[in-house]
Amino acid sequence: MSGVLRRPPSFWPDCWKRSSRALRWRSRARRLRLIVAEHPANNHFYYYIGLLFLGSIPWMPMVAVTVWRAFAGIRRDGRQLFLWCWLLSNLVFFTIVQSKLPSYIFFLFVPLGLLVAWCLIAIVNVKAFGWRLPFHVFPLQLVQLLGVAMLAALLAALLPIVKLVRMQPAKLVKIFADER
């Protein structure tokens, strides 16, 4: 104990740097690249807005109508407010983060799609046909959809995994040596 107390003052900041909590936070900050961008060429504040725009090109007229008309009805419908908060809070967070990868915001198309569906049901359907369908979001169905998507991804990855397991190690070394 007395040996620890006799250490020079520069020792104590090193102990803090090695603590598990500080290490976890530094690891998270590095993973998200909060300080230094992994790909500085992509580091623009409009990067994810552009990706959402490009990803929703097939729905663009409805996205424009949804954004335009949403602010009038957002105070009346809590579900719509929830979807807008989900979309915008995550968009702001990932815009602040320095590491910009397209796959980070794929999940933002879920609230965007639900908002477009709400707009189709509540606005377009009423103006075109004069009647309205009820709009319900069922969380259990979203969980089931996620499970089916994960199962499909697992089955799609199964064939390459089986091929890799059956391949001879010498052939694998040759394949990976040729890639460099």
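List of remarks:
- Residue tally, condition in a loop (DSSP other than H, G, I, E, B) and not hydrophobic (A, V, I, L, M, F, W, C), over segment 39-57: 5
- Condition check for Lys127: charged (D, E, K, R) and closer than 30 Å to Pro40 by Cβ: no
- Cβ-Cβ distances below 6 Å connect the following pairs, each with a first residue in segment 135-159 that is under 24 Å from Leu115 (Cβ atoms), a second residue that is modelled with pLDDT under 90, and a separation of six or more residues or different chains: Phe135/Trp118; Phe135/Ile121.
- Odd one out for Arg26, checked against (1) part of a helix (DSSP H, G or I); (2) modelled with pLDDT of 65 or more; (3) charged (D, E, K, R); (4) under 29 Å from Ala149 (Cα atoms): (4)
- Scan segment 117-131 for residues that are free of Cβ contacts under 8 Å to residues at least 24 places away in the same chain and surrounded by 10 or more Cβ atoms within 10 Å (Cβ to Cβ) and the total you get is 4.
- Qualifying residue in segment 123-130 (condition: assigned to a loop (DSSP other than H, G, I, E, B), in the same structural domain as Phe82 (by TED's automatic domain parsing), farther than 29 Å from Val92 by Cα and over 25 Å from the mean Cα position of the chain (by Cα)): yes
- Test: residue in segment 160-174 that is in a loop (DSSP other than H, G, I, E, B) and outside the structural domain of Cys119 (by TED's automatic domain parsing): yes
- Against the list (1) among the β-branched types (Val, Ile, Thr); (2) within 28 Å of Pro139 (Cβ to Cβ); (3) modelled with pLDDT of 75 or more, the condition Ile74 fails is (3).
- Of residues in segment 132-176 being surrounded by 10 or more Cβ atoms within 10 Å (Cβ to Cβ) and of a type in the set (D, E, K, R), the one farthest from the chain's Cα centre (by Cα): Lys174
The values are calculated or read from the model by the stated rules, or taken from the named source; none is laboratory data. Just so it is clear, the model here is predicted, and its values are computed rather than measured. Positions of Cβ are generated from backbone atoms using ideal geometry, with glycine treated the same way; all protein chains shown enter the neighbour counts.
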